[in-house]
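A.B. asks: Would you mind keeping the following structure in view while I ask a few things?
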Amino acid sequence: MIGGVCVHTGTIPSKTVREAIFQLTGFAVKALYGNGFRKGDISLQDVSFRVNAVISRETEVIRAQLRRNDFAAEIGLAQAQLNELVGLVLIYRNLGGGWQQ
């Protein structure tokens, strides 16, 4: 899952729900237009649409950052380093490095 909990179930969705309700009800502009200003009824679909749009946008931002920073190359390097360390451990063990089975 790109973005993890923050993007999909945590901070971003919860704050987006709050902000969407503020925007859709007109509460965010109440100070400018007064108490009588209201955009009408809102539905769960309205809020859900906004949350999904924000999650999609944030996920794409993260994907673009990973592509731009050659994250796949970093994974490849980490795997090569892991393979080298495992090889050294196997050599050490086969030379009698203190492990007993």
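The values are calculated or read from the model by the stated rules, or taken from the named source; none is laboratory data. Quantities reported herein were computed from a predicted structural model and do not represent experimental measurements. With ideal geometry, Cβ positions are generated from the backbone for all residues, glycine too; neighbour counts draw on all protein chains shown.
A.B. asks: Assess whether Q45 counts as being over 25 Å from R18 (Cα atoms) and at pLDDT 80 or above.
C.D. replies: Judged against the criteria, Q45 is not a match.
A.B. asks: Looking at I42, I62 in this structure, which one is closer than 30 Å to S14 by Cα, under 23 Å from the mean Cα position of the chain (by Cα) and either surrounded by 12 or more Cβ atoms within 10 Å (Cβ to Cβ) or outside the structural domain of Q23 (by TED's automatic domain parsing) (or both)? Quick ask: steps written out before the conclusion?
C.D. replies: Values: I42 fails: under 23 Å from the mean Cα position of the chain (by Cα).
Sole residue among the options that is closer than 30 Å to S14 by Cα, under 23 Å from the mean Cα position of the chain (by Cα) and either surrounded by 12 or more Cβ atoms within 10 Å (Cβ to Cβ) or outside the structural domain of Q23 (by TED's automatic domain parsing) (or both): I62.
A.B. asks: Is it the case that T11 is within 30 Å of L66 (Cα to Cα) and modelled with pLDDT of 70 or more?
C.D. replies: Yes; evaluated as a whole, the condition is true for this residue.
A.B. asks: While we're here: Report the residue count in region 50-94 for those that are modelled with pLDDT of 80 or more and among the hydroxyl-bearing types (S, T, Y).
C.D. replies: So the count comes out to 2.
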